[in-house]
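The values are calculated or read from the model by the stated rules, or taken from the named source; none is laboratory data. Bear in mind that the values here come from a model prediction, so they are computed numbers and not experimental data. A quick note on method: Cβ atoms are made from the backbone with ideal geometry, for glycine too, and the neighbour counts reach across all protein chains shown.
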Amino acid sequence: MATESTGVRGRVSSTAASVFDRREGSVLVGLIAIFLVGVYIDASRFLLLDNMARILRSAATTAIIGYGVALLMVTAEFDLSVGSMYGVAAGMGAILVGGDAFGFHPLFALAVILVFALIFGITQGLVVTKMELPSLIVTIGTLTLLRGVHRILLGGTTASASEVGLLKWLGGPIIIADLPFVNGPIRYQVPFLHDQVHSFGQFSILIVWIFVLLGLFHYILNYTRFGRHARATGDNIESVETTGVDPEMVKLGCFGLCSLTAAFAGLAFLGRFGSVSSGSGDGLALVVIAAVVLGGTKLTGGEGSMVGVLFGALVLATANNVLALAGLNVSGWQGVITGGFIIAAIGLDVILKGFSYDLLESWYATPMRNLLASPREFFATNAEQKTTDDTFGFLMLTVGVAAVATNVLAWILGTEAVSGALGLPVEDFKLFLLGGWPETVAQIYFFLMLMTLLAAAAVAVATQYFDSRGDYEDALVAVCYGMAAAPLFAVPTVLLGFGIFFVVSPMVSALLAAVPVVLLIGWTMAAGVTETHDLSRGRAFAVVGAVYLVWVVAAGVVALGLSTA
């Protein structure tokens with residue numbers, strides 16, 4: 001039985017590892033986490049079927065365009081013009097179907113626009129392949145070109161098509177009562193959440209198209225010769241030419257399909273709203289690329305996932321939906337979150353190649369244990385083995401732990417039961433910027449990074465004065481690992497954020513509470529300077545004194561600026 005149990009555990013562990021080795025697994029975990037945040041904020045509204053349909057509809061445009069973009073990126077090429085093609089297709093549809101000069105049948109207009117998009121995409125591919133120009137630069141140009149065409153078509157205003165006809169089948173609503181074998185809207189009530197029965201009467205046909213096109217593009221990428229050739233082209237374009245595959249033809253096809261999906265999404269937009277403005281599609285390309293890369297498509301080509309594209313689109317849509325539930329939909333946070341996901345998407349493509357639990361252990365946990373045991377011994381035995389990646393990895397994780405510790409402590413002290421039991425006059429938590437945990441994280445990041453940069457500069461200058469054997473890399477090692485105690489700043493930060501004080505004022509109390517942390521950081525840095533720069537203990541403490549001096553001057557400048565603001 002013990003052998004069987006071990007075998008089952010081994011198979012489960014192996015299966016879990018294989019799932020989470022793929023980017024889709026990581027994105028799915030992120031999606032579940034954001035979903036749980038939505039449930040926590042307002043489960044009764046978030047779990048409504050109308051809201052779930054709203055999230056899917058919001059993700060639809062990103063996912064549909066993303067399928068084409070992912071296929072192109074598998075060949076290691078980019079198309080930043082998809083947002084402009086989206087707008088141009090919608091504008092052309094409004095003019096051809098609803099304009100007084102044309103009034104074409106919607107089916108004919110649909111065919112014309114899709115053929116135009118296909119030819120345009122192939123033309124972009126020809127420019128890239130035949131002239132050997134970077135697709136990133138070429139599509140920046142075509143992005144601007146198409147945006148100009150779009151504004152010319154609409155005259156800088158809005159174009160409407162009162163009767164979109166068949167285009168409703170691309171983006172219009174599906175009335176549940178009109179479906180066969182259904183008598184009316186779906187009525188439901190989630191136990192313990194809803195006090196009354198809710199009805200779900202319609203959803204966007206875009207939700208259907210998400211899954212139809214997902215199946216189509218998944219089949220193309222994974223089960224057709226064209227898809228295999230696309231992956232091979234992205235893996236190694238030089239060697240693939242010797243196998244009889246024409247990488248230029250493959251790229252032309254992918255460029256064409258990419259423009260085709262963008263035009264399809266634009267026509268679906270018109271079918272849903274019946275009108276289009278001159279700003280439609282602005283910034284859409286970056287959001288699509290974020291979803292595609294989050295979903296597991298490599299920036300360098302050769303690997304992609306259509307299921308991952310859908311997951312990436314759902315992450316962005318769900319995050320924006322949760323922000324709306326939290327009342328932050330008009331405060332600029334949607335842009336912040338989307339921009340953050342774009343950065344994360346690009347970074348994940350690089351980081352996840354080598355990032356693992358073992359790397360987290362070697363970057364942070366093991367050095368922290370050694371530093372706690374003996375800073376002098378750590379710097380004497382391990383400092384020379386640490387690379388720049390190790391050093392900055394430790395620093396970033398230290399900042400992250402400090403941000404998490406601050407927010408957790410603020411959350412604990414902010415609860416009524418805890419603050420009441422301790423007799424603390426707790427009000428809204430805030431630092432220099434009003435808001436919640438995102439502002440707190442940003443301020444902690446800038447504060448600790450400023451401390452680190454000033455300390456590194458002071459150490460580099462002061463050690464040169466003593467003519468030490470160390471260089472700037474040794475200074476970085478001493479300073480970055482010297483910041484190991486930075487998470488303890490959570491205590492004075494929370495005192496300041498809640499306005500709690502035990503002497504004079506919250507600012508003075510926070511500064512006094514920070515003194516032990518600063519001394520501990522200085523003591524650790526002194527051990528680092530002693531070993532990495534081969535200085536006596538006295539000279540090492542003199543170097544740390546220079547660090548303190550720089551910090552005090554910086555604090556004085558900040559205090560002066562705040563007092564005169």
* Check on TYR445, touching a residue at least 12 places away in the same chain (Cβ under 8 Å) and more than 23 Å from PRO375 (Cα to Cα) -> yes
* Structure fact -> GLY266 vs (1) at pLDDT 85 or above; (2) small (Gly, Ala, Ser); (3) under 17 Å from PHE78 (Cα atoms): all pass except (3)
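Conditions tested, residue by residue: (1) at pLDDT 90 or above; (2) not small (Gly, Ala, Ser).
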site: LEU422; (1), (2): no, yes
site: VAL426; (1), (2): no, yes
site: ALA442; (1), (2): no, no
site: LEU448; (1), (2): yes, yes
site: MET451; (1), (2): yes, yes
site: ALA455; (1), (2): yes, no
site: VAL459; (1), (2): yes, yes
* Scanning for something more than 30 Å from the chain's Cα centre (by Cα), assigned to a loop (DSSP other than H, G, I, E, B) and either surrounded by 12 or more Cβ atoms within 10 Å (Cβ to Cβ) or without any contact (Cβ under 8 Å) to a residue 24 or more places away in the chain (or both), does segment 203-214 turn up at least one residue? -> no
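A quick yes/no check of all residues on (1) closer than 22 Å to PHE379 by Cβ; (2) of a type in the set (Gly, Ala, Ser); (3) free of Cβ contacts under 8 Å to residues at least 60 places away in the same chain:
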position	(1), (2), (3)
LEU450	no, no, no
ALA457	yes, yes, no
PHE466	yes, no, no
ALA478	yes, yes, no
VAL491	no, no, no
PHE498	no, no, no
* Give the residues of segment 535-547 that are of a type outside the set (Lys, Arg) and loosely packed, with under 15 Cβ neighbours inside 10 Å, sorted by residue number. => SER536, GLY538, GLY545
* For ILE140, state whether it is surrounded by 12 or more Cβ atoms within 10 Å (Cβ to Cβ) and part of a helix (DSSP H, G or I). => yes
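So which of LEU270, LEU221 is within 19 Å of TYR86 (Cβ to Cβ) and assigned to a helix (DSSP H, G or I)?
Working: LEU221 fails: within 19 Å of TYR86 (Cβ to Cβ).
After applying the criteria, what remains is LEU270.
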* To do: Collect the residues in segment 164-199 that are within 27 Å of LEU96 (Cβ to Cβ), in a helix (DSSP H, G or I) and touching a strand residue (DSSP E or B) at 6+ places or on another chain (Cβ under 8 Å), keeping them in residue-number order.
  => GLY171
* Structure fact -> Residues of segment 143-167 being at pLDDT below 80 and either surrounded by 12 or more Cβ atoms within 10 Å (Cβ to Cβ) or outside the structural domain of VAL97 (by TED's automatic domain parsing) (or both), in sequence order, are THR158, ALA159, SER160, ALA161, VAL164, GLY165, LEU166, LEU167
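What about THR524, is it assigned by TED's automatic domain parsing to the domain that holds ALA457 and under 36 Å from the mean Cα position of the chain (by Cα)?
When the stated conditions are applied, THR524 passes them.
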